[in-house]
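The structure under discussion appears below in the form of structure tokens.
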Amino acid sequence: MTDAGRRIVGASAPRGGGLERVTGSQRYVADLPMEGVLHVKLVTVDAARARIDAIDASAALAVPGVRAVFTARDLPDPMPRFGPQVRDRPVIAVGETKYHGDPVAAVAAETKDSAEAGAALVRVAFEPLTAVVTIDDALAADAPLVQDPALRPDDPNAGRNVLREHRSGWGDLAAAESDADCVVEGTWSFPMVTQFAIEPHAFAAAPDGDGIIVWSSIQHPNWLQRVIASLLDLPLSKVRILAPDPGGAFGGKQHAKYEPLLAFLARALGRPVRLVLSLEETFQAVRRGASRIRVRSGFRRDGTLVFRDIDADYLVGAYADIADRTVAKGSWTANGPYLVPAVRIVARSILSHTVPSTAFRGFGNPQQIWAVESNLDEAARRLGIDPVELRLRNLAHHGDAFLPGDTPADGEWPETLRRAAERIGWGSPLSAGRGRGIAVGLKSGPTTGLSYSTVRLLADGSVVVYAGTSDMGQGARTIFAQIVAEELGAPIDWVTVVMGDTVVVPYDQQTSASRSSVLMGNAILAACRDIQKKLRAMAARLEGVDEASIVVERGEVRLPDDRVLPIRDVLIRGLGRLGGEVIGVGEFRKEAEPDHPLGGTAAFYEFNATAVEVSVDRETGDVTVERHVTVSDVGRSLNPAQVRGQDEGAAVMGLGHTLMEHYQFDAEGRIRNLGAIDYRIPTSMDLPKSMESDAIENGDGPGPYGAKGMSEGALLCVAPAVAAAVRDATGAVFHDLPLTPERVWRALRDQESRPEPPGG
Amino acid sequence: MRPFAYERPTAIRDVVGLLGVHGPAARLLAGGTDLIIRLRDGSIRPDVVVDVKRVLDLSDAISVETDRLVIGARTVMTDIGAHPVVRRDFAALADAAMVVGSAQIRNRATLAGNLCNASPAADTAPGLLVFGAVVIVVGPTGERRIPLDDFFVRSGVTSLGPGEMVAAIELPLPAVPRGSAHVRRTRRRGHDLASVTLAAIVEADGVARIAYGSVGPRPLRGAVTADALLDANLGDEARDRLLNQLFAGASPSPTSLRASPDYRLAMLRVLARRAIDAARARLEAGPG
Amino acid sequence: MTDLVSVSVEVNGRLREVTVAPHHTLLDALRDDLGLTGTKECCLVGECGACTVLIGGRSVDSCLMLAAEADGLAITTVEGLATGARLDPLQQAFLDTGAAQCGFCIPGQLVSARALLAETPRPTREQVEEGLAGNLCRCAGYEQIIEAVLRAADPATDGSPAGAPARPSGEPHPFDVANVPDAGLAPQ
């Protein structure tokens, strides 16, 4: 496939669904009109962990309009459980609540008012229990167990709060230790933060004949379908998942949360039910894993890395969700994009009585990268080597087997780093009070995957595409329309993309790991090829020539006599009197590799280099990002405006956890800063003074036209880049996030009162 | 939200009457930017909400009289921040009004409501305190004039008596040329509740006054005038002594989510210096 | 049981009558009573701006207003920005710069931007940042939103789309009946 004449792919085609979004007609789950729907309100107890002694719903049931108060008693015994990794999450809490916000009852009522009034009148007799909410508490010898050991009968870790331990690495660490001239060690922590999508999670369910319909802002409709089918003991064909485009998700809407509860409710009541979470409830539903990671790296005097030894503890929540997978995957690549002869990585996911952590943009990598890149910055200072130079000396090049047992480096990573360094003006003089920092981040894309697509070329040349991806803002809908427009010669506004309905849209495994442009993109490409093949046959029949002598590509039919016809022309003549359409089916599969610790090798890597320049107000601790440069290795920018939107969005989200976001707890393990007033995310006034994003495009990705997946890369290394810049400006070193003004002030003050250690 | 009844009187007399009938079971609704939040979280549970926005004898504007500026109870922050006389003669108030929340909040939040909410962190309070604001209160016994410093009691509590409401806030026009400024500490540059909020006046006759908030149960005036802070030759020790005196009333909460006590106390000093510098620069720049 | 309140409000140029419970917010009334779901619910404490509407041309958080307060007022929601099929220049600019990603914050952004431009027709970038500070976005880095507002404010922009042309120019309408063999005959 050549670049010449490419008109649609690679252009900033208008966003599919853009018109709906700017006119307010885009319908999210909470906007859907639902006749006769019952409103659901959750009931929780004000404790980090509690034993439920009794639930008295009588007063609630007496409220006019309240139709049901559902508790564990209304569900099968034993309580049905679900979860993508461990089936540990109960449909509703039974016997014990395991985190602040774990629902004990659900009130269903005719109006929101009566649901709210009912919920306020549900009397829960509960006894607060000792909760473990930190890594140390959870690992203490006398720590209460978060999870019932009976749920993991064959697991040697079942008697501890360690959910799983992951070990990986290569080479001979002991031997490498003696090779090191300089060893740099430190421990870095990453806070609990939450996705804070502007659309709070919303769910609905309704009986549908002998089956059920479930609406959800879910990223994985097919996965949800399996969960509901299993819990309700229905065939997949009787479980219809309707998944409107989510209003932002960032991983927090990947896996089932309250859909099972609503499904049981709808079936029991014989009526549609809808639950829209409040923003506070979303903070109590999803978050990122917090972590404490110790990194010990050995270098030769010239900066060559000889070993890395990483020990990571991630604090996951009360139910496993997909959290352990984030630990496994994030740790697998913890050594980063570097060539290091000896590496040992140990990572543990540790259960706690806190909000269940789940997937969140970066999927376990930002925590590791914060530690490893900060450690590298420290090493640069100790060795007296420039931080860019130190990285270049150790960065893998395209094709290097930098991660034994996995895909070799698939990009020109040094080029990406150099581009970032150039753009920030690395090495040029800085004004007083300013500092610069740089870091790189690596994440594996999907390790397995399966996407199907059906494409229908209609009689007039317009197209309908079925793709089960979730468009949550990353612009999948647009990308798919661009590919089809490119391949079948349809104007892009003649392409309709149908998503989010398991009854009509074929299977897609999931929308995660920045996979969809590659996996679904390739499936759609395959479907288009299928159509092109059929058009070849059609053209051969019409023109009376041999099929093998015809080429159909990029909207055109090229005949052996050098005539070039638009697809439309052949299509209309070929379909003839009966009309009809040409249907293409495509599949793209990345098969599992059972011997691989992650289940498969990486389909591609996301690689990003971020460079920032900051100024620090030493009196107040305010950090101002003067310039932020983010460069991602994307293979091919299928839609430059969307690539930019995602990268800059990821960069600003990274600044959020770097400078201001964190859950704050009280002594009893309850969250103090629920909601938007005291959980701070960046506003339009908190942006870098200058933001520049750039993409490296070498066409070296496995996706359509050489694309790789992107959207998480630009978040990965924001924190270490900013911390390095703050250090450059002030000398203060940070091991914990966020760098709030108070914390920076405190670090500067402590620094002043402490003499510099020799050789520091 | 727990249900309540809604009244929308059109005269002060009727508001006072409703307050008389319902007592503490009635709450006044002006901009709603504090009240609605508290209604929703259940921290207040009135039976009646009295909307004062159509009360015709409550002004929604600013009037300039011979010796005073009168800000009507229905005046919103946006209009206060944009008013030319406020910007010229009461710059610290204009500064503060324009950082209360976002544009959407400022278009609704009233100054009167901000004061009645009596948050220790109210950004408008320090400026009003240094300007010597007086709160005009009306109630069953007629009209009262309460100096703002006597109006605040503690967090959420004012000296309004039963059946009383704020009708206006008066600011004496400056007698001598002066500059003023408001500064504050927040957790981000975007809208936020202040961890420390402070205003300073510097007058042509060499007097400097400071008031501050969010470091105790209510906004406070500096315990002494800060004139000596204007002295360029002031040594570090002397300045520290002066600042300690100035902020003797500060008692930041040890359990605050937003900032620790030592940070707040340190920032008081930093902000005092910056506010005075800014106020002095404005004095020197002259009016307009 | 408290009495319901009759509210007569002009919404997007049309007079609407609703009867509401006093404790219902304007946001509730717009979405649930008037079916105008373009205005969104998120934080409910006046921080995120997803619920922004215009009252008399000024931006306000509709989650912090009781529906009853709106009696006699004129309100504009996102649904009222376009005139029939013709988009407001801001809406077009948001499309042109790719400002909308997931789209959930966009109605609020548009309405706030409309108020900003009405007040300050040629804002500086800083004024746009401050004017939109009450509208949180989690998808974008805000850049394309800010660019869209500046673009809409700039009279030099002729409003032509920044992206690829929707259809290659000069091509005939693809479905020309004359080109279809036997078109118009009943199927056999």
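The simple Förster model, with R0 at 30 Å and r as the Cβ-Cβ distance, assigns B:A175 and B:A232 a FRET efficiency of 0.75.
Got the relative contact order for chain A handy, in percent, Cα pairs under 8 Å and 6 or more residues apart? Let's see the in-between values first.
Working: 1910 pairs, mean separation 111.9, N = 760.
This gives 15 percent for chain A.
Across all directions, the shadow cast by the convex hull of the stretch A:206-346 built on its C-alpha atoms averages 11.5 square nanometres.
Nonpolar atom fraction for the protein assembly as shown, defined as the carbon and sulfur part of the 1.4 Å probe accessible area, stands at 50 percent. Under the combined filter of DSSP loop state and at most 16 neighbouring Cβ atoms within 10 Å, the stretch A:531-633 retains these GluC sites (Glu not before Pro): A:E591, A:E619.
Find the sum over both chains of the accessible area lost when B and A are paired, probe 1.4 Å, and report it in Å² to the nearest 100.
Looking at B and A, the buried total is near 2200 Å².
Over the stretch A:562-671, Cα pairs under 8 Å with separation of 6+ residues give a relative contact order of 13 percent. Of all aspartates and glutamates in the structure, the ones whose alpha carbon falls short of 19 Å from that of A:K590, not counting any fewer than 8 places away in one chain, are A:D406, A:D410, A:D508, A:E606, A:D700. Label reach from B:S251 (point 7 Å along Cα→C-beta): in the stretch B:115-135, amide nitrogens under 16 Å belong to B:120-121. Treating the Cα atoms of the stretch A:97-150 as identical point scatterers in vacuum, please give the log10 of the normalised Debye intensity I(q)/I(0) at q = 0.30 Å⁻¹, two decimals. One equal scatterer on each Cα of the stretch A:97-150 leads to -1.25. Pairwise alpha-carbon distances in the stretch B:214-265 exceed 12 Å for 67% of all pairs. In a reduced charge model with +1 at each Lys and Arg Cβ and -1 at each Asp and Glu Cβ, the stretch C:5-80 shows a dipole moment near 180 debye about its Cα centre.
So what does log10 I(q)/I(0) come out to for the stretch C:5-80 at q = 0.21 Å⁻¹, using the Debye formula with one equal point on every Cα and no solvent? Ignoring solvent entirely, the Cα scatterers give -0.82. Dividing the Cα radius of gyration of the stretch B:62-172 by 2.2 N^0.38 Å, with N the residue count, gives 0.99.
Size descriptors for the stretch C:6-133: radius of gyration and Dmax over Cα atoms are 14.3, 42 Å. Comparing the full protein assembly with the isolated chain, the residues of the stretch B:165-191 losing at least 50 square angstrom of accessible surface (1.4 Å probe) are B:R185, B:R187, B:R188, B:R189, B:H191.
Once C binds B, the 1.4 Å probe can no longer reach about 2400 Å² of accessible area, counting both sides. Note on the stretch A:360-495: dipole from Cβ charges, positive end direction compared against A:G473, A:S444, A:A379; the farthest Cα belongs to A:A379.
Take the protein assembly as shown with all the other protein chains still there, run a 1.4 Å probe, and you get 35 Å² of accessible area per residue. What is the stretch C:89-166's relative contact order, in percent, from Cα pairs under 8 angstrom and six or more apart in sequence? Reported as a whole number, the value is 48 percent. So which residues of the stretch B:51-87 lose at least 20 Å² of accessible area, probe 1.4 Å, when you go from the chain by itself to every protein chain present? In the stretch B:51-87, residues shielded by partner chains: B:R54, B:D79. Taking every DSSP helix (H) stretch of at least 4 residues in chain B, weighting each as -39,500 (n - 2.57) and dividing the sum by the residue count yields a mean residue ellipticity at 222 nm of -9000 deg cm²/dmol.
Dimensions of the stretch A:181-244 from C-alpha coordinates, computed as largest minus smallest value along each principal axis and given longest first, are 71, 28, 16 Å.
Taking every Cα-Cα distance in the stretch C:89-166 and sorting them into 10 Å bins from zero, the calculated P(r) comes out as 21, 57, 21, 2 percent. Note on chain A: helix-only mean residue ellipticity at 222 nm, from DSSP H runs of 4+ residues weighted -39500 (n - 2.57) and normalised by residue number, equals -8000 deg cm²/dmol. Here the gap between B:V157 and B:A223, fully extended at 0.36 nm per residue and compared with their Cα-Cα distance, gives a gain of 21.6 nm. Start at zero, step by 10 Å, and the Cα-Cα distances of the protein assembly as shown spread as 2, 9, 17, 21, 21, 16, 9, 4, 1, 0, 0 percent across the bins. Are any of the pairs A:K41/A:K443; A:K112/A:K257; A:K329/A:K689; A:K98/A:K253; A:K257/A:K708 more than 32 Å apart by Cα-Cα distance, and if so, which? Table pairs above 32 Å Cα-Cα are A:K41/A:K443; A:K329/A:K689.
Rounded to the nearest 100 Å², what is the buried accessible area between C and A, both sides summed, probe 1.4 Å?
Working: alone 11290 and 28210 Å², together 34290 Å².
Chains C and A together bury roughly 5200 Å² of accessible area.
Solvent-free Debye calculation, one equal scatterer per alpha-carbon of the stretch B:5-51: log10 I(q)/I(0) at 0.17, 0.24, 0.25 Å⁻¹ equals -0.45, -0.84, -0.90. A dipole drawn for chain A from +1 and -1 charges on Cβ atoms has a positive end, and of A:Y679, A:A131, A:L390 the residue lying farthest that way is A:Y679.
Percent of Cα pairs in the stretch B:178-285 per distance bin of 10 Å, from zero to the largest separation: 16, 48, 30, 7, 0. Max-minus-min Cα coordinates of the stretch A:146-256 on each principal axis give 71, 38, 27 Å, with the largest extent listed first.
Across peptide C:67-74, what mean number of C-beta atoms from other chains lies inside 10 Å of a residue's C-beta?
Numbers: counts 1, 6, 11, 0, 4, 2, 0, 0.
Taking all residues of C:67-74 together, the mean is 3.
So what's Rg/Rh here for chain B, counting alpha carbon atoms and using the Kirkwood radius for Rh? Rounded to two decimals, Rg/Rh equals 0.98.
Every Cα-Cα pair in the stretch B:55-123 was counted, and those over 14 Å apart are 57% of them.
The values are calculated or read from the model by the stated rules, or taken from the named source; none is laboratory data. Small disclaimer: the values here were computed from a predicted structure and weren't measured. Cβ sites come from the backbone with ideal geometry, for glycine too, and all protein chains shown count toward neighbours. These accessible areas exclude ligands, DNA and RNA; they are computed on the full protein's heavy atoms, side chains included. Shrake-Rupley method; radii C 1.70, N 1.55, O 1.52, S 1.80 Å.
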